[in-house]
1. Looking only at residues in the stretch 1-49 that are among the β-branched types (V, I, T) and not in a strand (DSSP E or B), which one is surrounded by the fewest Cβ atoms within 10 Å (Cβ to Cβ)?
2. Looking only at the stretch 141-156, filter to residues that are more than 16 Å from the ligand (Cβ to nearest atom) and assigned to a helix (DSSP H, G or I); which one of those is most open to solvent (accessible area, probe 1.4 Å)?
3. How many residues does the stretch 227-283 hold that are among the small types (G, A, S) and more than 15 Å from the chain's Cα centre (by Cα)?
4. Please verify whether T233 is open to solvent by less than 10 Å² (accessible area, probe 1.4 Å) and polar (S, T, N, Q), treating the condition exactly as stated.
5. Only one of these is surrounded by fewer than 23 Cβ atoms within 10 Å (Cβ to Cβ), free of Cβ contacts under 8 Å to residues at least 60 places away in the same chain, in a helix (DSSP H, G or I) and within 15 Å of the ligand (Cβ to nearest atom): E119, E138. Name it.
6. Considering only residues that are among the aliphatic types (A, V, I, L, M) and either under 19 Å from V99 (Cβ atoms) or at pLDDT 80 or above (or both), which ones fall in the stretch 45-62?
7. Scan the stretch 48-87 residue by residue and report those that are more than 19 Å from D21 (Cβ to Cβ) and among the acidic types (D, E).
8. Could you list all residues from the stretch 167-187 that are closer than 14 Å to L107 by Cβ and outside any loop (DSSP other than H, G, I, E, B)?
Amino acid sequence: MKNVVIAGTQWGDEGKGKVVDILAPHFDIVARYQGGHNAGHTVRIGDRKFILRLIPSGILHNECCCVIGNGVVVEPRAFNTELQELREMGIECEGRLFVSSRAHLILPYHLALDRAREERLGTNSVGTTMRGIGPAYEDKAARIGIRAGDLLYPDLLREKIRTNIEAKNRELVSMHCEPLDCDSTLDDFLSEAMRLKPFIRDTATMINRATGDGKSVLIEGAQGTMLDVDHGTYPFVTSSNATAGGAAIGLGLAPKKITGALGITKAYTTRVGGGPFPTELLDEQGAYLQKRGNEYGAVTGRPRRTGWFDAVVVRYAVMLNGFDALALTKLDVLDEFDEIRISTAYHCRGELLTDIPYGANVLAECEPVYETLPGWKTATNGTTNFADLPAAAKAYVRRVEELCGAPAALISTGPDRSETIIREDSPVSGWMK
Ligand code: IMP
């Protein structure tokens, strides 16, 4: 049995898309378990660039079957647009892409509410992607959500949506926002959503039958551990469980069937949106990381906040997710620094902390305790062999491994598939057999 979950160890944007793309040919199914079109997975193949928001990046491999699990929230227009973009690039999805009947749908009122709530929060806003993700998950928990399977029962569906629009309009008006027109909202939504019908399946049964027949699943997470609704920097988080545990719920695959976990880790740290970020660099070094690392959101285009590697964060992620290994991405972005810093602990309210404290307000007060390592001042981009890295780069990788408690089994040295080091006799090389 080989079912491996890939999840982010920081605040998302660690480079999961590229890693999934490398591993996908060695698995039969690639499945997403949470999040929605707030995620942006950029994959570069030669001079072609693909940005996938909702559809698992495994779709770029013709022989891969892809699943959008019950834990994902699906915005029908975003799904249809992505299908169309893939088709224009010669990638056909029909017959090998399936959406769980239990996946919740994002409706126009979710977008309107996301925007209205963020505006109301003002300077305390979460900095959401404004895609309606949070409000859609709220409705799921409130048991008034609309699921993909509801599209198979149109009369009942229209009734449910009408009731919801009326209630949401009352909420929008109370926040001084324009209410939605019930009929046109319903018709526009249904014309997009009905196109999902051929893709809808009981994906939990499908995946379990497939694993029973010896097929393997690569499980693709979105966002990162620090954006997990339970374990992240609440309330500055997304609304789903981005950690590996979410995979079991979000796909309907029993925890004991998940045989491995890989943590995607950027060689420095970035974050989009609001919330605490202890190692953030607000100086020219931060601006340099942003420019050299091309740190702009794949979905929203927003510049990402940047900072040094935070071993407290990644160690926490290794613990929560049980990562067998890390994939260390964007190592080449650090090539030109004279010195590179790693946060190993925090000073906070007179104490030395080696674990993430409770509360975003406390984390916001934490001062990183840095260890300084020499830079390598040598180009590493495109390196495919660990032995060929400069000694200082090897030392940096080894220190990250030591501090975080997991081996860096994959190291990315550039955006292309080929610009990758796969360590021999590592969990990753084992999964690629
Ligand atoms: P939401 O998921 O749109 O509700 O946004 C909640 C928080 O998660 C915000 O800080 C977003 O910037 C952040 N977020 C959501 N998706 C991503 C992602 O794919 N990468 C990085 N940050 C994300």
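The values are calculated or read from the model by the stated rules, or taken from the named source; none is laboratory data. Predicted model only: the values in this text are computed from it and were never measured. For neighbour counting, all protein chains shown are included, and Cβ atoms are generated from backbone atoms with ideal geometry for every residue, glycine included. Ligands, DNA and RNA are excluded from the accessible area calculation, which covers all protein heavy atoms including side chains. Shrake-Rupley method; radii C 1.70, N 1.55, O 1.52, S 1.80 Å.
1. Filtering first and then ranking leaves I22.
2. D155
3. Residues flagged as among the small types (G, A, S) and more than 15 Å from the chain's Cα centre (by Cα) within the stretch 227-283 amount to 7.
4. Yes; evaluated as a whole, the condition is true for this residue.
5. E119
6. I51, L52, L54, I55, I59, L60
7. The answer is E75, and nothing else.
8. A167, K168, N169, E171, L172, C182, S184, T185, L186, D187 - these are the residues of the stretch 167-187 that are closer than 14 Å to L107 by Cβ and outside any loop (DSSP other than H, G, I, E, B).
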